[in-house]
Amino acid sequence: PIWLDTLRNQLGQLAEQSIMIEARANEEGHLYGSVGPADIVGALKNAGFNLSEEAIILEGAIRELGLYTAVVRLHSEVEGEIKFWVVASEEE
């Protein structure tokens, strides 16, 4: 079906995004709190993608700075991975 091709196309565009999520962290790179699906959805919205939190699948809470992978499930037949960076936010 054409709509499945449209979702696959969107997934391909998502995979090409360079996603940065800013979070407060200490000197060792441990976050104050954690990064979850809502943070990823917000970063994707800034890049022009409108996804629900249910579409983002993480293996667990993210509590350190670094490069991570999340699974994006747009449909039961359309699933792929996106990579994103968790970077330290600038402190005042």
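Brief remarks follow.
- Taking the range 32-42 as the range and being open to solvent by 20 Å² or more (accessible area, probe 1.4 Å) and of a type in the set (Gly, Ala, Ser) as the test, the residues that pass are Gly33, Ser34, Ala38, Gly42.
- Some residue of the range 14-24 being surrounded by 11 or more Cβ atoms within 10 Å (Cβ to Cβ) and without any contact (Cβ under 8 Å) to a residue 60 or more places away in the chain: no
- Among the residues of the range 22-47, those identified as part of a strand (DSSP E or B) and more than 13 Å from Ala70 (Cα to Cα) are Glu22, Ala23, Ala25, His30, Leu31, Tyr32, Gly33, Ser34.
- Residues being loosely packed, with under 12 Cβ neighbours inside 10 Å and either outside any strand (DSSP E or B) or of a type in the set (Phe, Trp, Tyr) (or both) - total across the range 55-88: 5
The values are calculated or read from the model by the stated rules, or taken from the named source; none is laboratory data. Only a predicted model underlies this, so the values are computations on that prediction, with no experimental measurement involved. All Cβ positions, even for glycine, are placed from backbone atoms using ideal geometry, and neighbour counts span all protein chains on display. For the accessible areas, the whole protein counts, side chains as well, though only heavy atoms, and no ligand, DNA or RNA atoms are used. Shrake-Rupley method; radii C 1.70, N 1.55, O 1.52, S 1.80 Å.
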